[in-house]
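Here the structure is laid out as structure tokens; the discussion comes afterwards.
Nothing in this text is a laboratory measurement; each read-out follows from the coordinates by a stated rule. Predicted model, so just to flag it, every value in this text is computed and none were measured. All Cβ positions, even for glycine, are placed from backbone atoms using ideal geometry, and neighbour counts span all protein chains on display.
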Amino acid sequence: MELGPAGQRFPARLGHGYARTESPARTWRMEHGRLRGDWNFAVLSVVLDRFDRVNEMLGLSGGDRLLMETAQRLQAMLPEPSVAARLNGAEFLVCLETTRNEAEATKFAMEATEAFREPFIWRGQRLTPQLAIGIATADAAYGHPEDLMSDAESALAHARKSEPPGVVCYSQGMREEAHEKMQMEADLERAIRTGELVMYYQPEVDLRNNRIIGFEALVRWKHAQKGLLPPSAFIPLAEETGLILPLGDWGLNEACRQLVTWRNGSRAELRGTRMSVNLSARQFEQPNLVERVRQVLAETGLGPGALRLEVTESSLIADAGAAVKTMRSLGDLGVGLHMDDFGVGYSSLHYLQRFPFDTLKIDKSFVQGVVNDRESHQIVRSILDLARSFGMDVVAEGIEDADQLRELQSLGCPCGQGYYFARPMDPRAIDAMMQTGSMGGSELAIAAQGKDLKSK
């Protein structure tokens, strides 16, 4: 048993599940329900969303004070004899009494989220907390208190997916989904340690002469049961759980190591190529990012001018001042900076003016409409004109057919990538492609392939 900030005792959590040790209070409430048919209570799993960023803004003392105020606000709202307790981190558990059904529990949860819109003030800084709440209403089908608590947390996981975070009631299937997610997280952690992750590489091409100028590194997961998984199957989970940090660290090292192998190899056309590596928002926010990049370059022997780091707008939102400082430090190191998916964000121009990018990557949604969609065509033309005025390079993503290529060439787009040239491949496939003469000399002459698939 541990003590929460509001003074209540609560069950300790072990890993992802709850301890099976029965506390007298929890056992009594369930037994009371079974003996008297009194199931008019619900369990609410409550979390302060993005609390890690609160600690970064306010410091640990400010974060601790916010936790205490959260407990006080929750306790003040609760009807007797309800109780609230802190589980761990920024998670709280509420046993909400005198609630007859799911609708009443939801009404209370909505009132709680509204009450927390009142700003929290710490040493002159104002912060509006955001709550996410998962609800599980009690009934006779529950055999253990932990099952009720687990279902509330499963509902909480769904509540945190919305933007802004919301209130979700448990429904059939969430428990199984939560168990599957927990297993997937454990599998991913093991995969990072044991080498199940592999890096694929998609060529970036100079559209003026069809020569390979570099590669974009794209991670894949060779799952023992599910086969080869694309990034969309596990990157969101990695970002949510924090595993994106060791995953990203491995990916940066692996991509740099592979480029050094190609640049030092016998193929003359690969000796001047560059490598683009995607950075997640979590990676970009790490205070030691610049030092880590410098360390990887030193360990692998890759010159900084051969590395490009790709960043999306979402990576810059949390702390613009820190982002500018980080980017300038990377630029001073000699590393290139690509703005990924340019054109889809509402504030792309603002970011372009403020942040020191050297390359724009046109989002594939515009590239794939450049021939037949007038609006997409105009957007691509405008991005190219804008890049020229800023002295920036451009890479068009997602080129899938010859018509798109010709239109981009006519607009003066310098570089591109997509399945028309080559799909992402493992290093052996790229070596084989080069060795077997699929490329005419140093020119890329790969026939259109994989048109039925969506390319990067």
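Summary of computed values
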| quantity | calculated |
| --- | --- |
| Rel. contact order, % - alpha carbon contacts under 8 angstrom, at least six apart, the stretch 292-412 | 21 percent |
| Over the chain: helical MRE at 222 nm, DSSP H runs n ≥ 4 each giving -39500 (n - 2.57), nearest 500 | -13500 deg cm²/dmol |
| Antiparallel DSSP beta bridges within the chain, as percent of all bridges there, nearest 5 | 65 percent |
| Relative contact order of the chain, pairs being alpha-carbon contacts under 8 Å that are 6 or more residues apart, as % | 11 percent |
| Degrees separating the helix 289-300 axis from the principal Cα axis of the chain, which is the longest one | 50 degrees |
| Global geometry of the chain, whether rounded, prolate or oblate, following the gyration tensor of its Cα atoms and the 1.5 cut on a/c | prolate |
| Where GluC sites (Glu not before Pro) in DSSP loops with at most 16 other Cβ within 10 Å are excluded, longest remaining stretch of the chain | 197-456 |
| For the stretch 151-156, 3J(HN,Hα) per residue [Karplus equation, 6.51 cos²θ - 1.76 cosθ + 1.60, θ = phi - 60°, Hz, x = Gly/Pro] | 5, 5, 6, 4, 5, 4 |
| Which listed pairs, of LYS181/LYS222; LYS226/LYS361; LYS181/LYS364; LYS107/LYS161; LYS161/LYS364, have C-alpha distances above 27 Å, in listed order | LYS226/LYS361; LYS181/LYS364 |
| Mean separation of Cα contacts under 8 Å (6+ apart) over length of the stretch 182-435, as relative contact order % | 18 percent |
